[in-house]
Amino acid sequence: MTVVKNICCIGAGYVGGPTCAVLAYKSPDIKVTIVDLSEARIAAWNSDNLPIYEPGLDEVVFACRGKNLFFSTDVDAAIQEADLIFVSVNTPTKKSGMGAGMAADLAYVESATRRIAEVAKSPKIVVEKSTVPCRTAQSMRTILEANSTSEIHFDILSNPEFLAEGTAIKDLLNPDRVLIGALQTESGIEAQNALVDVYTHWVPKERVITTNLWSSELSKLAANAMLAQRISSINALSAICEATGADVDEVAFACGKDTRLGSKFLKASVGFGGSCFQKDILNLVYLSTQLNLPEVAAYWQQVVIMNEYQKKRFVRNIISTLFNTITNKKIAVLGFAFKKDTGDTRESAAITLIKDFIQENARVAIYDPKVEAEQIYMDLSEPGVVDTQKQLEKNIQICQSAYEAADDADAVVIVTEWDEFRDDQLDYEKIYAGMKKPAFLFDGRLLVNAAKLRQIGFKVSVIGKNELAGTA
Ligand code: NAD
Ligand code: UDX
């Protein structure tokens, strides 16, 4: 029976960091070393100011860092010491070459796998933690096996991560399930059992699911595609609601009461963002195309098309409401992160919206409680533009509060559902007093009580709701 005593995680990002920090926190008998090529990222993990914002993360890291949890740039040493290695590197959508704009870029997974093959001096269990197309483990296995000897044997497992940002620590401490896929060989199953034993330090055994390798890989893409599909479904319905006077919150509530549907992930919005949904659906679309399944590819592609449509529809509504022009108007954008409780901006709807506002020559004032100004400039910069920040400063202003952003604005646009933008937390009377009149408010997150804000004097427009909803 293999007992894991020493774990290495390659990739100290949004997944590798929190996942292996919780693992160390719950397994004092296991030494965990998280490595990364980025010196800046590792330095931040070793400082008081961790590189990512995630509720509860500081407590977990500070409780075990220096005891059984270590962050290092010495990738080779950590590989050599470990019995089990998580590969938790990025797998972004390819930007060029074959499959550009669709396929996952597996260069980082391959380079981490090659490093393991080159420097390992003892047997290793290699665990695919990154989200990858179905059958990637086969390529990793080929690389590893080409370098194995009678003393150095590699087993490969798939253990996709299901955490959501903003609730990562909660999700990791109490996961709905942990999924571990293995080759159905004697050695594969022994490796699978060794990883089951690691997780059952804190996860009830019945929540640890074991499957074959390919089911595990595909389940990750499938889960993300189905979650995103629910959002695109409710967003498609939100357009019908606005045109008919039905209320999308009421429709979602009524549908969600059906236990076969369930109530979660039915919140209409300005469109889903984040580093996973779009990338993983496109990955699934590419896989389906490669497998010569064009109807399947088109089915999943529609989820992304609907998401783009939702963002454009929101922008069109803002422009038409503001008398068909936003040139020189000040638009206050509340929120830049792709969801609340994270500083992550990858694929945030805010980026698309603000770029469109800039194209229309609006002046955009942005406030987000957790996103740094530097990140906002980076996300809004267009390739090939020199001195981007100076160019952007003509159109955008980064603010320290919602009040500053809304001061003298023509419209306030709620893009991220931060609690501090709720109508019981933000003083909307004060915001209204400081704005140009008529004062418009566009709620892309169904966050505020529109009736209450209309009482103050705002002209309010909410996704999936029509001002005359419910009337004859
Ligand atoms: P990330 O970009 O935050 O982190 C990846 C890290 O890997 C980077 O710090 C990078 O420097 C490092 N890296 C890349 N190649 C390396 C190498 N050869 N050696 C050492 N370090 C290397 O990415 P992430 O958000 O943590 O995502 C990682 C994977 O997990 C992706 O496949 C993603 O799809 C998947 N995933 C992400 C989430 C999420 O919420 N972010 C959730 C579930 C799954
Ligand atoms: C997602 C999956 O939930 C997680 O299981 C997987 O491991 C990684 O991808 P994440 O992207 O971090 O997690 O956040 P999630 O809560 O899924 O939200 C994604 C986007 O959808 C956000 O922009 C969010 O605001 C939006 N969303 C979510 C909606 O618009 N409506 C909803 O009902 C739920």
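The values are calculated or read from the model by the stated rules, or taken from the named source; none is laboratory data. Please read these numbers as outputs of a predicted model, since none were measured by experiment. As a convention, Cβ positions derive from the backbone with ideal geometry for all residues, glycine included, and neighbour counts pool all protein chains shown.
Some observations on this one:
- Condition check for S111: at pLDDT 95 or above and in a helix (DSSP H, G or I): yes
- Unmet requirement for K390, which otherwise passes all of (1) touching a residue at least 24 places away in the same chain (Cβ under 8 Å); (2) part of a helix (DSSP H, G or I): (1)
- Which numbered condition I331 misses (of (1) free of Cβ contacts under 8 Å to residues at least 60 places away in the same chain; (2) crowded, with 20+ Cβ neighbours inside 10 Å): (1)
- Residue within the range 174-190 that is more than 16 Å from ligand 1 (Cβ to nearest atom) and of a type in the set (V, I, T) present: yes
- Candidate set: the range 131-167, residues that are within 11 Å of ligand 1 (Cβ to nearest atom) and either in a strand (DSSP E or B) or in contact with a Pro (Cβ under 8 Å, 6 or more places away or on another chain) (or both); chosen: the one nearest to P92 (Cα to Cα): T131
- Residue check: I189 meets all listed conditions (1) at pLDDT 95 or above; (2) more than 14 Å from ligand 2 (Cβ to nearest atom); (3) surrounded by 18 or more Cβ atoms within 10 Å (Cβ to Cβ); (4) part of a helix (DSSP H, G or I) but one, namely (3).
- Remark: pairs (first residue in the range 183-199, under 18 Å from E145 (Cα atoms); second residue in a helix (DSSP H, G or I); Cβ separation under 6 Å; 6+ apart in sequence or on different chains) = L183/L213.
- First in the range 259-282 and of a type in the set (D, E), second anywhere and within 12 Å of ligand 1 (Cβ to nearest atom), Cβ under 7 Å, 6 or more apart: D280/T131; D280/L221; D280/N224
- Residues in the range 200-241 that are assigned to a helix (DSSP H, G or I), over 16 Å from K279 (Cβ atoms) and within 16 Å of ligand 2 (Cβ to nearest atom): R207, S216, S219, R230, S233, I234, N235, A236, L237, S238, A239, C241.
- Lone unmet requirement of (1) of a type in the set (A, V, I, L, M); (2) within 25 Å of the chain's Cα centre (by Cα); (3) away from ligand 2 (no atom under 16 Å from the Cβ) for V196: (2)
- Residue in the range 428-442 that is under 18 Å from K339 (Cβ atoms) and of a type in the set (D, E) present: no
- Within the range 346-367, if we keep just the residues that are outside any helix (DSSP H, G or I), within 16 Å of ligand 2 (Cβ to nearest atom) and touching a helix residue (DSSP H, G or I) at 6+ places or on another chain (Cβ under 8 Å), the residue that is nearest to I398 (Cα to Cα) turns out to be S348.
- Residue match in the range 57-71 (condition: within 27 Å of V132 (Cα to Cα), assigned to a loop (DSSP other than H, G, I, E, B) and either away from ligand 1 (no atom under 12 Å from the Cβ) or in contact with a helix residue (DSSP H, G or I) (Cβ under 9 Å, 6 or more places away or on another chain) (or both)): no
- Scanning the range 292-332 for residues that are assigned to a loop (DSSP other than H, G, I, E, B) and in contact with a Leu (Cβ under 7 Å, 6 or more places away or on another chain) yields one hit, K329.
- Failed item, numbered, when V303 is tested on (1) within 30 Å of N449 (Cβ to Cβ); (2) within 13 Å of ligand 2 (Cβ to nearest atom): (1)
- The criterion of at least 1 residues that are among the hydroxyl-bearing types (S, T, Y) is met by the following strands (runs of 3 or more DSSP E) wholly inside the range 403-470: 459-462.
- Verdict on A24 being surrounded by 23 or more Cβ atoms within 10 Å (Cβ to Cβ) and part of a helix (DSSP H, G or I): yes
- Selected residue [within 19 Å of D344 (Cα to Cα) and in the same structural domain as F272 (by TED's automatic domain parsing)] from E417, E429: E417
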